[in-house]
Each structure stands twice: as structure tokens, then as C-alpha cells.
Amino acid sequence: MIYTLDKIAPKDYEGNIVFLYGDETAERVLPLGKKEIALVKERREEGRDFMLVFDRLPYRLYFLSFDSEKEAAEVQEGLRRRAMDLLKRFEGDGVEEVAVCGAGTLPEEVAALLEGLSLADYSFDRYKSKEPWHLQRVAVDKVYFKEEELEAMQRLWNRIYWCREWVNLPVQDLNAPAFADELAAIAADLEGVKCTVMDKRQIESLRMGGLLAVNRGSVDEPRFVVLEYNNLNDNEGPICLVGKGVMYDTGGLNIKPEDYMQDMKSDMAGAATMASVLFAAADNKLPVHLVALLPLTDSRPGFNAYAADDILTMYDGTTVEVVNTDAEGRLILADAIAYAVKNYHPRVIIDAATLTGAAVRAISTFGIAAMEQNGRRELEMLKLVGEQVYERLVEFPMWKEYDELIKSEYADLRNCGTTPQAGTITAGKFLAHFAKETPFVHLDIAGVAFFSKAQHCWRAGASGYGVRLLYAYLQMQ
Ligand code: BES
Ligand code: ZN
Ligand code: ZN
């Protein structure tokens, strides 16, 4: 989709128009006739969120009324979600080009609608013989943004597009080496971004016991990708972004039964999210120092696959008893987190991971399960921006009592709890062990990374959830 800025005079614009109507404003600014105004007034009595479509042959006027008096984040999220209905109308009407303007409407409200259009217009089309319908062009009234502002937003939305595309790609076409190559190619073209790709031999010499164990049942080699972007002159250390990159999660020898394996191509969404955030920050030259650490492998039961009862020695020397090979994400993340601690002295480590089914059971598909260790300030900031962009966090406790549940008889830790209770927290606790004293925030995105059916402004499939959250957090730095 192409966005442009234009001077749009809604009364005599020759084209399809979306007219955003937030506040009651002077009737004379409305591109409506007397009868139409009466109709709008009548509808406003019943409630403020509605759409009226007026014929302006050969064009149409989509008059989108919304309630601007609710809390700002609610108003904006409402507009994001209504973008989906709007798109469906466009498709039905055969409308591929629209202009967006309004009255009684703030720039951030217009931005939310545009963002919603961008999110809702995405579908995973690569394997379809016939290219599906998409909205082609949106002209935005230039009273709302400067050129540079609209461009910056579009660069972010483009990164979200690619994040979703990667997550939707099946492992047959995006395995660990292929994903690493793709990230390296993007980094090579992006000013200020450095990419290091470690292959299996380098991972072996680093002794990343977790990543190597998970990879043992696979024909495809693992990769450990480190992306760095530094646009800051201080000595506080980088923000480290660690992303779970399980390219496919079969469960390993504890193979996923029935239909539990379905959609597990999305188990690398954490890695896709963190790479996308770093690229977006570089695109828009945010003044931050970031390091993304992405352990990549699929998890399969083939060859010499790692087994329950195996005891692994991790990158930092911690020993881990494998109790269930399906708790693989924390093993590869642990190595990446320990690597960040040892090599970067980070100001904070934030990880994103489709880590536990328990997170989905606890809060469904409506937010992120979050935890912290020495990272109170960072988590509070993330919660705050999460409410603003409506990619929300709910905090789970990290009480010391949970530590007991991941202690092993035979090793330092076990890779899942002694009981299935609090599975999301024991996973977070496991990761926190490897962060040591470094401020650490864990984001379990299992519920939100991939929707098995359409929801709000997302069609079924990868959502890119978390990219806007972390980008907004970086903007606050
Ligand atoms: N990738 C899964 C978690 C998951 C489940 C993500 C559903 C998205 C949707 C993870 O590797 C896993 O299998 N976790 C196990 C852990 C258990 C064996 C301790 C789980 O949650 O069942
Ligand atoms: Zn698993
Ligand atoms: Zn997994």
C-alpha cells in the first residue's frame, strides 16, 4: 500500500473519501448536504461509533463517526479495529484508492486508522495462485502530518509486514540458515547495522549447550545471529533484545500430539519481532544502542535428538536436566541471555518468546505475559507504552517460591517445573537464572504472536504483536 500526503478539500475532492468525524464541529466544514447532516445527527443520538456511506458518483464518501471522548488509547485502538470493517467495505465496493481526511480529529487518531489499515490489509499471499484484493493507495490530508512523520510511520509498518511474513513462512522455506541469510542481507543494506552470523562450528566452540542440544535432532544447522545498531554515545551498555528463534517446534522426542503441532512455524516469532524492532529503529535513526541476539534452530526428533534425562552444560556453565524436550525455547534463550550478560554488559535484557502454552491458557490472545528480575523500571515503562499502543502486558509474579520448582536432583536446574502449575512463571524463572544481576524483562508472546483466526485488526496468522510495543519503548529512551 502506498501512502501520500495531499491537500484534500473534501467538498470537491474527486475520489473516494474516508471522513473521520470525532468531535461535533461546525456543520459547514462537513462535506454533507442538509439531509445527510440530519441523518448523522440522528445516528449520533444512538451512539457515536458508526459508519455511513454516501454516494458521490462515481465515488463514495465513507463517513466514519467515532467517540473521541473516551480515553486516548481506547479511541485509537477503536479506530485501528474499525479499519478492518472499512477494508471489507472497500473490497466489496471495489475501491482501491481512498483519501483520508476529517473534522474534529487529532493526528494520532488519523495515524491509528492508517496503522489499522496497514495491519488489516496484510495477508499471507505468497503461496496463492491468484493475488488477493488489496487496498492500493491512501492519500492523507496533509494538515495532519509532516512528510517525514508519515514516512517514519510507514517504515515501522513495513517492518511489521516483514515480521509477519517471516513468521507465516513455513519451515520448508525458512529454516535457520535461510533466516540468518535473510537478516544478514537486510543488515548489509541498512546504515549503522552490523550483523554477525555464527554457524554450527562457532556455536560449538562457544559451547552453547542449549542451542546445540535442541538442534541435534535436525538436518538443518543452527545459527546464532547478533545484530547491533548503535546511535548513541554513552557507556551505559546496550539494550539487549533476545528472541526465541525455534524455526519449527515439533516438540522433539516429546513430540507434540494431535493438532498441537499446528502453527508451530510461528515459534520463531520472538526472533522475528526483535530483528524487526532493531531494523525499524535503524530505519528511523532512533538514538539508541541495541543488540539483538537470535538463537535459531528447529526442534525435531530425528538423528541423535536430545532426550529427556540428558544433562546439558549451558554457555555459562549451568547444568540443566532435560525433563521434557518440548520445553526447548528456554534452552536456546538461556544461552543467548548468558551470552548477552558475558559480552555486552547490557543496561537491560528484554526477551520475546512464544514460550508457554500456559500463557495462552492464562490470558488467551489478548496480551503478553510479562515478568521481571531487577527490571522494575523497564517493565513499568513497557506496561505504560503497552497501554498506549494497545499491545498490552500483564505482569506475573516472580516469587522466590517458584525457584524451588525448577531445582533438579541431578543438575543445577531442570527445564520444566516439578508440577505443571504456573508453567509460564517457571519458564520465566528459568530464563532469569541466566540473566544473573542484569536487569531482565521477559515477554511471553505465545498468545499473541499468531492468531489461528482473525481478531481485531489482524487476519488469521502472524500478527507482528510486540514490534509496536518495543518500538514505542525505544522512542521513550
Ligand atoms: N512453543 C511452545 C509454546 C507454545 C504453545 C507457543 C502454544 C504457542 C502456542 C513451547 O516450546 C512448548 O512446547 N512449551 C511447553 C512447555 C512444557 C513442556 C513445560 C508447553 O507450554 O506445553
Ligand atoms: Zn516446545
Ligand atoms: Zn517452542
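The values are calculated or read from the model by the stated rules, or taken from the named source; none is laboratory data. The structure presented is a predicted model; accordingly, all values stated were derived computationally and were not measured. FYI the Cβ positions are ideal-geometry reconstructions off the backbone, even for glycines, and counts take in every protein chain you see. These area figures cover heavy atoms from the full protein model, side chains too; ligands, DNA and RNA do not enter into them. Shrake-Rupley method; radii C 1.70, N 1.55, O 1.52, S 1.80 Å.
Structure above, values below:
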item: Rounded accessible area per residue of the chain, 1.4 Å, Å²; result: 42 Å²
item: Other-chain or far-sequence residues with amide H under 5 Å of THR356's (modelled H); result: ALA446
item: Aspartates and glutamates whose Cα lies under 12 Å from that of LYS88, excluding same-chain neighbours fewer than 8 positions away; result: GLU96, ASP121
item: Net charge over other residues, Cβ less than 12 angstrom from the Cβ of GLU149 (K, R count +1; D, E count -1); result: -1
item: Student exercise, segment 171-475 dipole from Lys, Arg, Asp, Glu Cβ charges, in Debye to nearest 20; result: 340 debye
item: Cα-derived Rg to Rh of segment 2-145, Kirkwood definition; result: 0.96
item: Estimated D of segment 362-423 in µm² per second, where Rh is the Kirkwood radius over Cα pairs and Stokes-Einstein applies at 20 °C, 1.002 mPa s; result: 158 µm²/s
item: Dipole of the chain, positive direction: furthest Cα of SER452, MET247, LEU30, with charges on the beta-carbon; result: LEU30
item: Length released on extending from ARG44 to PHE124, taking residue separation times 0.36 nm less the Cα-Cα span; result: 25.1 nm
item: Calculated FRET value between HIS134 and GLU182, using beta carbons and R₀ = 25 Å, to 0.05; result: 0.60
item: For segment 331-477: rounded, prolate or oblate by the Cα gyration tensor [a/c cutoff 1.5]; result: oblate
item: Rounded accessible area of LEU39 (nearest 10 Å², 1.4 Å probe); result: 70 Å²
item: Estimated FRET transfer efficiency when R0 is 22 angstrom, pair GLU69-GLN455 (beta carbons, to 0.05); result: 0.30
item: Mean Cα-pair separation over length for segment 2-145, i.e. relative contact order, pairs under 8 Å, 6 or more apart, %; result: 38 percent
item: Neighbourhood charge, 14 Å Cβ-Cβ cut-off, centred on ARG377 and excluding it, Lys, Arg +1 and Asp, Glu -1; result: -2
item: Principal-axis tilt of helix 376-389 within the chain, Cα atoms, nearest 10 degrees; result: 30 degrees
item: All-pairs Cα distance distribution in the chain, expressed in whole percent, bin size 10 Å; result: 4, 20, 29, 23, 14, 8, 3, 0, 0
item: Where the Cα pairs of segment 321-393 fall when distances are cut into 10 Å bins, in %; result: 16, 40, 36, 8, 0
item: Within-10-Å neighbourhood charge of ALA460 [Cβ basis; K, R +1; D, E -1]; result: +1
item: Using alpha-carbon coordinates, inclination of helix 107-121 to the longest axis of the chain, degrees; result: 70 degrees
item: Dipole of segment 2-145, positive end: most advanced residue of VAL40, LEU52, PHE90 [Cβ charges, Cα centre]; result: PHE90
item: CD proxy at 222 nm, helix term only [per DSSP H run n ≥ 4: -39500 (n - 2.57); per residue of the chain; nearest 500]; result: -11500 deg cm²/dmol
item: Angle between the chain longest axis and helix 72-93 axis [Cα atoms, degrees, rounded to 10]; result: 70 degrees
item: Within the accessible area of segment 1-76 (1.4 Å probe), percent carbon and sulfur; result: 47 percent
item: Value of relative contact order over the chain, rounded to a whole percent, pairs C-alpha under 8 Å and six or more apart; result: 15 percent
